[in-house]
Amino acid sequence: MKKLLVILTILATNFYTANAQLFKVFGHDVGFIYVGPKVGMNFSKFSQWSYTGYDVKNRIGYQLGVVGDFGFTNRFSFQTELNFISKGSKGIYGTVEETKRMPAIQIPLLAKYTFSLLGLKRVYANGGVYSTTRIGSGKVIYKDGAVYDDYHWTRFDWGFSVGCGAEYPTKDGIWGLDLRYDLGMVDIYRQMDENTKSRFRSFQFALTYKFDMVDLYFKLRKKNNDEGGDRETGNKGPKGLKVEQRN
């Protein structure tokens, strides 16, 4: 038993030493945490429609949210987001043109792999699942300006996401360009006379800016420690000279 413990200890020490440069959490060699805003657009439509002569087109929508990237190594990380997104679809039936719009909250859960490619130091591929919750009722907007509430949307949707992107580190954070394709698995739009399932298909692109939360934490802690040290030793003037207190 003692020999087994010694062997495990040696292996763990060697593993930690070999991977120390890959892990960082709160300034120690464990992992990394990046958090920041996200803004972008999406092109969405229904996968199919049951009405003869109804031509389905992509609709342009927007997305706003917050992204979090939790790293295990320099290459592997887990990414999740909280997005407000406007999906939908456009359709043309004869001379009638309409736009179906559904605002929702979307949460993706993605595995991420980062690597170097064509001179770029941080290129990544990711994939996973997403869930969407509708906010309020959807809308049908006709070309003549008429707007109606549309209650045929389901409340929840989920599906698979695959994507890629590139990131550019700066002194204070990381800029990123994210491209993604969502493949819905739920019959999202239901009517009594429909015989087919209408699933979302969506292509998204977005800009992100993520802050290094570990770095921010240690900067704040250092600042607090410095201020605490100044309070203990007294105020200091130029070049660190102590300034005498006057009554």
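The values are calculated or read from the model by the stated rules, or taken from the named source; none is laboratory data. Please read all numbers here as calculations on a predicted model, not as lab measurements. Neighbour counts are summed over all protein chains in view; Cβ atoms, including those assigned to glycine, are modelled from backbone coordinates with ideal geometry. Calculation scope for accessible area: heavy atoms of the full protein, side chains included, ligands and nucleic acids excluded. Shrake-Rupley method; radii C 1.70, N 1.55, O 1.52, S 1.80 Å.
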Test: residue in the stretch 48-63 that is of a type in the set (Ser, Thr, Tyr), open to solvent by 50 Å² or more (accessible area, probe 1.4 Å) and either under 24 Å from the mean Cα position of the chain (by Cα) or modelled with pLDDT of 80 or more (or both): yes
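The rows are residues; the columns are (1) surrounded by fewer than 20 Cβ atoms within 10 Å (Cβ to Cβ); (2) farther than 23 Å from Gly71 by Cβ; (3) in contact with a His (Cβ under 6 Å, 6 or more places away or on another chain); (4) acidic (Asp, Glu).
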position	(1), (2), (3), (4)
Pro108	no, no, no, no
Ala111	yes, no, no, no
Ser116	yes, no, no, no
Lys121	yes, no, no, no
Gly128	yes, no, no, no
Arg134	yes, yes, no, no
Gly138	no, yes, no, no
Ile141	yes, yes, no, no
The stretch 28-47, subset open to solvent by 60 Å² or more (accessible area, probe 1.4 Å) and either in a strand (DSSP E or B) or under 24 Å from Pro103 (Cβ atoms) (or both), residue modelled with the lowest pLDDT: His28
Flag for Asp149 being without any contact (Cβ under 8 Å) to a residue 24 or more places away in the chain, over 25 Å from Gly163 (Cβ atoms) and in contact with a Ser or Thr (Cβ under 7 Å, 6 or more places away or on another chain): yes
Qualifying residue in the stretch 131-148 (condition: over 21 Å from Tyr62 (Cα atoms) and either modelled with pLDDT under 95 or over 22 Å from the mean Cα position of the chain (by Cα) (or both)): yes
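Yes or no: Arg221 modelled with pLDDT of 65 or more and either open to solvent by 70 Å² or more (accessible area, probe 1.4 Å) or farther than 17 Å from Asp172 by Cα (or both)?
Here the answer is yes, as Arg221 does meet what is asked.
Within the stretch 99-107, does at least one residue satisfy the condition of being more than 14 Å from the chain's Cα centre (by Cα) and assigned to a loop (DSSP other than H, G, I, E, B)?
no
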Residue in the stretch 199-215 that is over 30 Å from Ile60 (Cβ atoms) and modelled with pLDDT under 75 present: yes
